[in-house]
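To start, the structure under review is shown below, and the notes come after it.
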Amino acid sequence: MKKLFLFLFIFSLLSCENFTKSTADILSKNNKDKVPGKYHTLKKEKIRVFLPEEFNFISLNDYRNLISRSNDTITKSRELERLNTIEKSKENIYFFEYIEAASIINILPTEYMIFNKKDAQFMLAFVSNLVRMSSPTATDFEKIEAEFKNNNRTQIFKAIFKFRVPNNELDFYKHVYFMSENNKSAFITFETPIPTSFDEYIYRTKL
């Protein structure tokens, strides 16, 4: 579990902070219409990730440039430090962005780890603390959902956090998943300005 917590530490920072009303309208419409998704293959790990079809892959450098334009100097510094840590660890990280909806998905494949409900409780406490500490300046923080699923083939940890930035029209949400199956594991985070379900995409992802 020690290595698991190391991955959690470098993976549980925030990146998105500025949203507009129009982005919420876009995601609300897509959620209501149940827009189908598509698979993206992470060739090195042979993982097939199922995502909403509006999301497109962006490179690490493109993501770094996106973060560099942040107005929150503290969040920007923490996120750039996280990226440097991931690069030094030689782990692969993948980013998928939906520009019009100010939403982003991060995927970090890791060493295979079987975990149980008790482990998931420790993960929740650890992730909650990290997300609270790394949230943008003057942000209100709330855990709104946590869950553990295990069907003897696949284990899934899920936690959803809600943030509110003062003087911002919208709340925004961070979904954190850790998934293990087929002798593989991966962290997946989804950040978006409105409450929406991402579970169906996780369940259709093939490690």
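The values are calculated or read from the model by the stated rules, or taken from the named source; none is laboratory data. What you see is a predicted model; the values in this text were computed from it and never measured. Every residue, glycine as well, gets a Cβ built from its backbone with ideal geometry; the counts of neighbours run over all protein chains shown.
I need a count of the residues in segment 158-180 that are without any contact (Cβ under 8 Å) to a residue 60 or more places away in the chain and on the phi < 0 side of the Ramachandran plot.
Of segment 158-180, the ones without any contact (Cβ under 8 Å) to a residue 60 or more places away in the chain are 158-162, 164, 166-167, 171, 173, 175, 177, 179.
Subsequent filtering for residues that are on the phi < 0 side of the Ramachandran plot retains 158-162, 164, 166, 171, 173, 175, 177, 179.
Final tally of qualifying residues: 12.
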When Phe126 is run through (1) closer than 26 Å to Ser59 by Cα; (2) touching a Leu at 6+ places or on another chain (Cβ under 6 Å); (3) among the aromatic types (Phe, Trp, Tyr), the failure sits at (1)
Conditions (1) surrounded by 14 or more Cβ atoms within 10 Å (Cβ to Cβ); (2) out of contact with any Ser or Thr (no Cβ under 7 Å at 6 or more places or on another chain) -> Gln121 fails only (1)
Test: residue in segment 97-108 that is within 16 Å of the chain's Cα centre (by Cα) and among the aromatic types (Phe, Trp, Tyr) = yes
Can you tell me which residues in segment 174-205 are farther than 15 Å from Val49 by Cβ, assigned to a strand (DSSP E or B) and in contact with a helix residue (DSSP H, G or I) (Cβ under 7 Å, 6 or more places away or on another chain)?
-> Lys174, Val176, Thr192
Among (1) polar (S, T, N, Q); (2) modelled with pLDDT under 85; (3) under 17 Å from Glu53 (Cα atoms) - the single one Asn168 does not satisfy = (3)
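List the helices (runs of 4 or more DSSP H) that sit entirely inside segment 1-86 and contain at least 1 residues that are hydroxyl-bearing (Ser, Thr, Tyr), farther than 16 Å from Ile188 by Cβ and at pLDDT 75 or above. Before you say what the answer is, go through the steps one by one.
Details: elements: 2-11, 21-33, 60-68.
Per the criteria, 60-68.
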Those residues of segment 153-173 which are of a type in the set (Val, Ile, Thr), over 13 Å from the mean Cα position of the chain (by Cα) and part of a strand (DSSP E or B), in sequence order | Ile156
Would you check which residues across segment 146-196 are among the aromatic types (Phe, Trp, Tyr) and in contact with a Leu (Cβ under 6 Å, 6 or more places away or on another chain) and list them?
-> Phe187
Selection count, segment 108-128, where residues are outside any strand (DSSP E or B) and either within 20 Å of Arg82 (Cβ to Cβ) or of a type in the set (A, V, I, L, M, F, W, C) (or both) | 12
Find all pairs meeting these conditions: Cβ atoms under 9 angstrom apart; at least six residues apart or on different chains; first residue within segment 191-202 and over 13 Å from Ala102 (Cβ atoms); second residue at pLDDT below 85 and assigned to a strand (DSSP E or B).
-> Pro195/Asp171
Number of positions in segment 129-152 that are closer than 25 Å to Leu51 by Cβ, more than 18 Å from the chain's Cα centre (by Cα) and not in a strand (DSSP E or B) | 1
When residues of segment 158-189 are limited to those that are among the aliphatic types (A, V, I, L, M) and out of contact with any Pro (no Cβ under 9 Å at 6 or more places or on another chain), the one nearest to Phe115 (Cα to Cα) | Met179
Among residues of segment 93-145, those that are free of Cβ contacts under 8 Å to residues at least 12 places away in the same chain, out of contact with any strand residue (DSSP E or B) (no Cβ under 7 Å at 6 or more places or on another chain) and either at positive phi or of a type in the set (Lys, Arg) (or both), counted | 1
